[in-house]
Structures are given as structure tokens and as C-alpha cells.
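The values are calculated or read from the model by the stated rules, or taken from the named source; none is laboratory data. Note that this is a predicted model, so its numbers are computed, not measured. Cβ coordinates were reconstructed from backbone atoms using ideal geometry, including for glycine residues, and neighbour counts include every protein chain displayed. Just the protein is used for accessible areas: all its heavy atoms, side chains included, with ligands, DNA and RNA removed. Shrake-Rupley method; radii C 1.70, N 1.55, O 1.52, S 1.80 Å.
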Amino acid sequence: MCEAERMQCDVVPVDVHLELPGRIKTARTVSFIDEHMVEVGLCESKAPTLLDAGMATNFVFKLDCCTREVMERVNAANVSAGLEKCVNTLNGECDFGFYRVACSTFDRNLRLVDSRFPQVLANALLRYFFGEGTTCLQIVDAMERDDVLGIGEGMYKHLFKKFLCAVALGMEPAEEWNGCDDASKGYVIVCDDGVSVVFNAYNRDALGSYLLGNTRFEAVSISECDHGLVYEHDGEYFINLSLQIGFP
């Protein structure tokens, strides 16, 4: 359960290459009361995340060349070997194809970022599970080099920063988003040594650049979010992979 607290702060231009002196303790959306005061919901302490995994953040991938034997073997190994290793095993035996975003509301929200963004994000998620990188910047740089979706140099970073900003400023996967920023919203990052940085909605480019350079993909347990196990439907094979983005 969260409760609201007001805190005094100075909102100043932020160096997008800023390295905070302490480990990030919490990070969350805030509402500005005036130019020096924000209202922030303080929740129970947990590892800071930008986007929490859940049923709504599942991406569905079709597995071409998969068989029942492969499904049963990989699912049995998933419990002991771990999700990332099993996804890599599948990648050696099957072809992954993005099928859909499991939650239609999240799919709609992503399309408001860009009509191609569900596919962009699905490709980024696969690259993470295939071991091509951990941080958002590593994954996006790899996508920029390959341009497998043919959207052009610079577009992957642009769209990713736009998405990360939208999440930071209040876009929720399971709630319809109108695609617009609320000028009263901002984002506060608090370190364990008490140092805090506050971004407002007008400083969107700095916020996007900061988030791209300071976030990472994270895997959650297969017992959560109904993901990580191969399943059969109408003679075809699929796997759900859940998206979570956190801070180092």
C-alpha cells in the first residue's frame, strides 16, 4: 500500500551522462505541486524497477520447427537450468517469430509510441534472452547495427527513449494510455546515500537519454507471469516471455 509524501526539491537541467554517487534505492513517477515541490507515492521497499513484469507484459513467440519432444525436454529442464539457458536451447532448435503482445491494451499503448514498436520491443526482448546484452543501451546498440527491422539508423534509440519516458511518466501496461504527457508529472530517482535527481516532463530528452543509459532487462521466475514454458495450441508451439525493465 502506498502513501503520498511531499518533498522539497530543485528541478534543474540534468547531464544525461550523470553517474549518481550511490546505488539507486527507489525511482518512481511524481506529481509536481509547484516548481520546487513534488508529491511522491512511497511504497514498501523493493528492488527498483521502471517496468514490472506481469501478465500484461508477456510477449508471445511462435516456435517454428518445434516438436512435442522438444517442448517436453525444454520444459522439464527449465525448472533446474533456468529460463535464459532454456531459451538459448530453444534458439538452437527452433525459429522464434514474434506472434503478438499478450495484452491488447499494452499492444495498443505500444502502438501509440509507434506502430512498429511492439515488434521492436519483441526483438529487443529476444536479444536479451539470447544473451546479446543486458542493459537497454547494449541491446539497442545491437539493433542499430543490424537494423533487422529496416526502420533506419537512429530510430531504435529514438523509439526506445520515447517508450522509457512514457513508462516513467505514468504509462501502465494494463491501462489505456492516451499517448500524451501530463505536464504535472515527473520522475524522481533516489539513491541510498540520499542524493536525488528529479526530471520533469519538459525535460523529456534528458530523461529518455538517462533512462536508456541506466536501465536493464531483467528475467523473472517462470512461476511468475505465466511465462517461460513452451505450450501447444492447435498443433503449433508457442512461448511467452515477460518484459521487465529495472535499474542496475
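Would you check which residues across the stretch 129-152 are open to solvent by less than 30 Å² (accessible area, probe 1.4 Å) and within 15 Å of the chain's Cα centre (by Cα) and list them? Listed by number, the residues that qualify are F129, G133, C136, I139, V140.
State all residues of the stretch 103-128 that are touching a residue at least 60 places away in the same chain (Cβ under 8 Å), open to solvent by 10 Å² or more (accessible area, probe 1.4 Å) and not charged (D, E, K, R); if no residue qualifies, say none. C103, T105, L112, L126, Y128 - these are the residues of the stretch 103-128 that are touching a residue at least 60 places away in the same chain (Cβ under 8 Å), open to solvent by 10 Å² or more (accessible area, probe 1.4 Å) and not charged (D, E, K, R).
Out of the stretch 69-118, which residues are of a type in the set (A, V, I, L, M) and over 23 Å from the mean Cα position of the chain (by Cα)? Before you say what the answer is, go through the steps one by one.
Residues of the stretch 69-118 of a type in the set (A, V, I, L, M): 70-71, 74, 76-77, 79, 81, 83, 87, 90, 101-102, 110, 112-113.
Listed by number, the residues that qualify are V70, M71, V74, A76, A77, V79, A81.
When W177 is tested against (1) under 25 Å from R108 (Cβ atoms); (2) outside any loop (DSSP other than H, G, I, E, B); (3) modelled with pLDDT of 85 or more; (4) not β-branched (V, I, T), exactly one condition is not met: (2).
The lone criterion from (1) at pLDDT below 95; (2) more than 26 Å from G54 (Cβ to Cβ) left unmet by I189 is number (2).
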